[in-house]
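Please read the structure below before turning to the comments.
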Amino acid sequence: MNKKKPVEKQKTPSQCEMCAYFDYDEDWEEYVCIMNMDEDEMVRLYQSRESCPYFRFYDEYKVVRKQN
């Protein structure tokens, strides 16, 4: 009897994981959004299906390209 392993879906990075404001917090020991938002803004953001208005793509090679 041949048992097939379940196919694991590849995880696509969320919008937050590619954002410049998504950083590691050593106190909480997890990644958090460092954008200064109040509770109401956070609730609206998490409940809506729209993209984050504060999203800024994090490009670690941006500085290097400017130097060349």
Quick one: order Asp25, Asp38 by neighbouring beta-carbon count within 10 Å, fewest to most.
Asp38, Asp25
The residues Arg44, Arg49, sorted from fewest to most surrounding Cβ atoms within 10 Å, come out as Arg49, Arg44
Once phi for every residue in segment 26-42 is put through the Karplus expression 6.51 cos²θ - 1.76 cosθ + 1.60 (θ = phi - 60°), the whole-Hz ³J(HN,Hα) values, with Gly and Pro written as x, are 5, 5, 8, 6, 7, 7, 9, 7, 8, 5, 7, 10, 8, 4, 4, 5, 4
The FRET efficiency for Phe57 and Glu29, from their Cβ-Cβ distance with R0 = 35 Å and rounded to 0.05, is 0.85
Cβ-Cβ FRET estimate between Gln15 and Gln67, R0 fixed at 30 Å, reported to 0.05:
0.60
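Only the coordinates and a few stated rules stand behind these numbers; no lab work does. Owing to the predicted nature of the structure, the values given are computational and were not obtained by experimental measurement. With ideal geometry, Cβ positions are generated from the backbone for all residues, glycine too; neighbour counts draw on all protein chains shown.
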